[in-house]
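Here's the structure, in structure tokens; my notes come after.
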Amino acid sequence: MSLIHKTAAELGALIASGQASAAEVAEAHLDRIEQVEPKVRAFLHVDREVTLEQARAVDERIRQGEKLGPLAGVPIAHKDIFATRDMPTTAASKILEGWRPPYDATVTARLRKAGLVILGKTNLDEFAMGSSTENSAYHATHNPWDLTRVPGGSSGGSSAAVAAYQAPLSTGTDTGGSIRQPAAVTGIVGMKPTYGGSSRYGLIAFASSLDTPGPFARNVMDAALLHAAFSGHDPMDSTSIDAAVPDVVEAASNADIAGMRIGVVKEFGGEGYQQGVLNRFHDAVELLESLGAKVVELSCPSFTTALPAYYLIAPSECSSNLARFDAMRYGLRVGDDGTRSAEEVMALTRAAGFGPEVKRRIMLGTYALSSGYYDAYYGQAQKVRTLISRDFEAAFHQVDVLISPTTPTTAFPIGERADDPMAMYLADLCTIPSNLSGNAAMSVPIGLADEDNLPVGLQIMAPVLGDDRCYRVGAAVEKALESRWGGPLLKEAPAL
Amino acid sequence: MSVMAYDEALERYEPVLGLETHVELGTHSKMFCGCSTTFGAPPNTHVCPTCLALPGSLPVANEMAIESTIRIGLALNCSIAEWCRFARKNYFYPDMPKNYQISQYDEPLCFDGYLDVEVDGRTVRIEIERVHLEEDTGKSTHVGGATGRIQGADYSIVDYNRAGIPLVEIVTKPIPGTDRLAPEVARAYATELRELMRSLGVSDVRMEEGSMRCDVNVSLMPRGSSEWGTRTETKNVNSLRSVERSVRSEIQRQAAILAEGGRIIQETRHFHEDTGMTTSGRSKEEAQDYRYFPEPDLVPIAPDPVWVARLKSALPELPAVRRKRLQAEWGVSDHDMESMHNADAIEIVEATIAAGAPAADARKWWMGELARRANESGKALADLPITPAQVARVTELVASGTLNDKLAREALDGVLAGEGSPDEVVASRGLQIADEGELATIVEQVLAGNADAVEKVRSGKIAAVGALVGGVMKASRGKADAARARELILEKLGVSE
């Protein structure tokens, strides 16, 4: 079997045992990128030489006998929202076109330390604002299952790259579902760790209290290995949790869920949900029961108010976070002809540099934080946030994990929702509550929808620092389905 | 601009004061990153991703700055918050890298305190509303244009070395009832606050370098009224003297407007050292909306009460207490103590006494001769090129009879001129009281040359001896011990007092 068909764990083992070199493995993936990238368009930046240089350096470290982790030499596609010293970092915005950070994000640094080889920077919705990757200022990305459809978003470049076998692993960030939703619609595994479980340092901020870096992979174990490689306390991020990372790798290898209590969130299902999605979800519930889990339905009433609360909190924070893009110190500068004031240059630059969705959210957030409106909007949304956390707490007294469909529908056609922000926002209906409360949540593939043969994801939600439970349930589902299907959902690289 | 005479203004109106003081903390590193806070480095050399607000960077709070702020709060008799947060204050300005300042809003670290100040023998209690922690901005320099302000400048340059230096803001409650002493009270408060910061060792509080800056709020209400008037805020007043002058001039300006039936505009104003007047800055009537919200990049601060109690018990002796103690030790009057305080001489006098000088002598030299020199050269006492130990040595030389007052002044001259230590100056300038033999010879000469005076003294006009002593001093070029010369003259003339 060709190198691109190996799992990340297999590649790591081959490289560690000297049966393959990191450079060889990187080259195989770079070739695949070259071959299918014109159709998928998952990347904003690929630099073959920089990547091969990294790979050769890892080979050298291995030759020197350096003790590296299980993913040493394994290539990875990196979301273009993490600062990288050796590659441009743009957040898919014109305002940062060509910007090269003088520093590495903590996640980037930890990838390098673990010996992962960065293949390139993946596309996203500008500043991670969107659910389809169509809001990228550069180009849209195509779903490898059906090139006319979106790969989800905002981490759509990362999901597409893994689903297209351009990379075995990728990074994403999840603010309202930006890892789980793209994973679901591209048929791969995506994990949003507990907020504070992975460092935000060097991650270009969208909404600080929600942004969470996490892994993508084609199987649960690979996701766990990547999760373990870059997570854990970071003194550079004050909101990072100073506690041991749950043993996700052990959980991923322990697929036993007999006796586990699993809650189905009553509020997620029914009207507005695609029938094929609901069918696969019901199959998954039966599967979990057949594996010995005790499945109960329970209600989390505040979850229905999560979406509006999110669309006040996230824009409010982004209106402040994006204020730094002012043409003064880095990035785009427009209108600086010696006659205009600093204020005019700032305004012209921001008008030219931000896309429509980013502007919409900045304006929304600026309004929500305004004096006289704060209590009614931002203040009220924070109260809803507290209610959502309480619903989770109450639920986790009764069950070990909660489940729901990851998204109400399968991948929608490119362009379908581009002019309808409300329809776009609904893609994150089921994923947003976990961002507001900060708990761990994963999406694993559970088959194809009957009507369109496109992937459906199961969302597994666990308490704060209960990330390992997601992996345990995810691994159990994956194992059972693989034996039923005779292999993974994505058996081989799509022809494209 | 018309102004009203101060006395008349006070007859008709009663001032209400308020002060907001920013103090840059003397921590080694900045508030939210590890960059150095040293003043005077080449522009934009003490910067990093965080204080330049590069995309993706995050703040981490400086624990030492939080500790210093709590100590300031405790010294100002404040309550310390059990739980509080940082907040973002959003506004665009090129010298503010993030275009928001991390500050505190409705949850300050310290609140509800007071500071007592002495003015004109009276104790005035200044109530403190809050003490909170925030970060400084970068520093803009506007090049070209007449005013040095951004309006009209050809271009501006920004130095981000200052961006992110921890800044403590101390806000008073409105201060009514100071009456005609308002300017002095404002100055006394700023002085006391500065000393407090120094005694706590939390800041170098150099107003001229901007490490302490006062915003002075003034409003007037007509006598007999109980409703406060509209206030103005004079920003960034940067010397104690200017604090006092700006209050005085603002009272006079507002009084003139009110007397003509005008209306005070709520605005920020700037104080000009040269004219002693304030001019209009930015109008606050269209109040800027800072869209404060809790800083999501930082976790709340919840100071451990045990830690706070420990900080409280470890506070140093505070300046007012210390002054009372020193006054008793030195045996000086209230008036002398206050004038030493106002001249910022207490520390230096104390050091001189510690170096061996008697209290009265230390005070006499610093508040007399040296204060005069400082005044002439426009320097602070502490900035004169002479140390307390050197002054103590001069007083010792006088006490031992090596120098008299006149020679001592010459010795100080020499030290101030950089000629070395007092002993070196005495040696190099040949400053030495004449010895007994020398003195006797000079007395003989003077008596021989002043027959008239000699006759007067002999006939009982003892007062005439002064002229003879003067003659001796002149002939010795000041090196004689005047008292001993007088004794010798009387002895030679056989006259006793």
Let me know the mean shielding of A:339-346 by other chains, meaning the per-residue number of their Cβ atoms within 10 Å of its Cβ.
3
If neighbour count is taken as other Cβ atoms inside 10 Å, put A:Y310, B:Y160 in order from fewest to most.
B:Y160, A:Y310
Going toward the positive end of the dipole of the range B:6-311, with +1 on Lys and Arg Cβ and -1 on Asp and Glu Cβ, which of B:L181, B:C35, B:L133 do you reach last?
B:C35
Along its three principal axes, how long is the range B:250-338 when you only count alpha carbons? Whole Å, largest extent first please.
53, 52, 25
What do you get for the angle between helix B:63-75 and the principal long axis of chain B? Use alpha-carbon atoms, 0 to 90 degrees, nearest ten.
60
Return the tail of the calculated pair distribution for the protein assembly as shown, meaning the percent of Cα-Cα pairs more than 58 Å apart.
31
Residues A:H397, A:H142 in order from fewest to most other beta-carbon atoms within 10 Å are A:H397, A:H142
At A:Q35 and B:A451, where each label point lies 7 Å from the Cα along Cα→Cβ, what is the point-to-point distance in nanometres?
13.4
Label-point separation (nm) for A:N254 and B:K324, each offset 7 Å from Cα along Cα-to-Cβ?
6.6
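Could you check how many percent of all C-alpha pairs in the range B:6-311 are farther apart than 27 Å? Walk me through the intermediate numbers first.
Values: 20847 of 46665 pairs.
Percentage above 27 Å: 45.
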Take the Cβ-Cβ distance between A:S371 and B:Q266 as r, set R0 to 22 Å, and report the resulting FRET efficiency rounded to the nearest 0.05.
0.85
If you build the convex hull over the alpha carbons only and average its shadow over all orientations, what do you get for the range A:51-146? Give it in nm² to one decimal.
7.2
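Using the Cα centre of chain B as the reference point, and only Cβ charges (+1 on K/R, -1 on D/E), how large is the resulting charge dipole? Debye, rounded to the nearest 20.
Working: 56 positive and 75 negative charges, 75 e Å.
Using only the charged Cβ atoms, the result is roughly 360 debye.
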Overall form of the range A:349-496 per C-alpha gyration tensor (a/c, 1.5; a/b vs b/c):
oblate
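Provide the gained length on full extension for the span B:E436 to B:H335, in nm with one decimal, where the gain is 0.36 nm per separating residue minus the Cα-Cα distance. Please report the intermediate quantities before stating the final value.
On the way: separation 101, 0.36 × 101 = 36.36 nm, distance 4.08 nm.
Contour length minus Cα-Cα distance gives 32.3 nm.
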Find the centroid of the Cα atoms in the range A:128-179 and in the range B:287-355, then give the distance between the two in whole Å.
58
Radius of gyration and Dmax over the Cα atoms of the range B:317-429, both given in Å
13.9, 44
Where does each of B:V124, A:V117 land when they are ranked from fewest to most other beta-carbon atoms within 10 angstrom?
B:V124, A:V117
Extension reserve of the A:E53-A:A244 stretch, reckoned as 0.36 nm per residue once the Cα distance is removed
65.5 nm
Amide H partners (placed H, <5 Å) of A:G172, local residues excluded:
A:G214, A:F216
Taking Cα atoms only, helix B:436-449 is inclined relative to the longest principal axis of chain B by an angle, in degrees rounded to 10, of 70
Put +1 on the Cβ of each Lys and Arg and -1 on the Cβ of each Asp and Glu in the range B:1-105; which of B:N62, B:Y6, B:H22 then has its Cα farthest toward the positive end of the dipole?
B:N62
Quick calc, B:R477 & B:C48: beta-carbon distance into FRET formula, R0 56 Å, rounding 0.05, result 0.30
For the protein assembly as shown, with +1 on Lys and Arg beta carbons and -1 on Asp and Glu, the positive-most of A:L71, A:A411, A:A57 along the dipole:
A:A57
Give the cysteines in chain B for which no other Cys Cβ lies under 4.7 Å away, or write none if there are none.
B:C33, B:C35, B:C48, B:C51, B:C84, B:C214
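Charges at C-beta only: +1 for Lys and Arg, -1 for Asp and Glu. How large is the resulting dipole of chain A about its Cα centre, in Debye rounded to 20? Before the final figure, lay out the partial values.
Working: 43 positive and 58 negative charges, 108 e Å.
Value, rounded to 20: 520 debye.
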The range A:410-478 to the range B:205-273: how many Å between their Cα centroids?
60
Each label sits 7 Å from Cα toward the beta-carbon; between B:H142 and B:S428 the label points are separated, in nm, by 4.9
If I require 15 Å or longer along the helix axis, counting alpha carbons, and a Kyte-Doolittle average no lower than 0.0, what helices from chain A are left? Use full DSSP H segments.
A:220-230, A:306-321, A:342-353
Under 16 Å between alpha carbons, and skipping anything fewer than 8 positions from A:K113 in its own chain: which lysines qualify?
A:K67
Can you grab the distance from the C-alpha centre of the range A:58-117 to the C-alpha centre of the range A:25-51, Å, no decimals?
15
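For the range B:436-493, count the residues as N, evaluate 2.2 N^0.38 Å, and divide the Cα radius of gyration by that value, please. It would help to have the intermediate numbers written out before the result.
Numbers: Rg = 10.1 Å, N = 58, 2.2 N^0.38 = 10.3 Å.
Its radius of gyration relative to the 2.2 N^0.38 Å reference: 0.98.
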Two decimals is fine: what's Rg over Rh for the range B:1-131, C-alpha atoms, Kirkwood radius as Rh?
1.08
Against the longest alpha carbon principal axis of chain B, how many degrees, from 0 to 90 and to the nearest 10, is the axis of helix B:405-416 turned?
40
Projected area averaged over all directions for the convex hull of the alpha carbon atoms of chain A, nm², comes out at 22.3
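Could you work out the equivalent-ellipsoid semi-axes for the range B:101-203, taking the square root of 5 times each eigenvalue of the Cα gyration tensor, largest first, in whole Å? Don't skip to the end; give the middle numbers.
Numbers: eigenvalues 208, 78, 35 Å².
Semi-axes (√(5λ), whole Å): 32, 20, 13.
Please get the size of the charge dipole for the range A:112-162, origin at its Cα centre, with Cβ charges of +1 on Lys and Arg and -1 on Asp and Glu, quoted in debye to the nearest 20.
Details: 4 positive and 4 negative charges, 71 e Å.
Approximately 340 debye in magnitude.
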Using only Cα positions of the range A:6-110, each an equal point scatterer, no hydration layer, compute I(q)/I(0) via Debye at q = 0.16 Å⁻¹ and quote the log10 values to two decimals.
-0.78
Those chymotrypsin sites (Phe, Trp or Tyr not before Pro) from the range B:61-118 that are DSSP loop and have at most 14 other Cβ neighbours within 10 Å turn out to be B:W83, B:Y91
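No value in this document is a laboratory result; all are computed from the given coordinates. No experiment lies behind these values; they were computed from the predicted model shown. Counting neighbours? That spans all protein chains shown, and the Cβs are built from the backbone with ideal geometry, glycine included.
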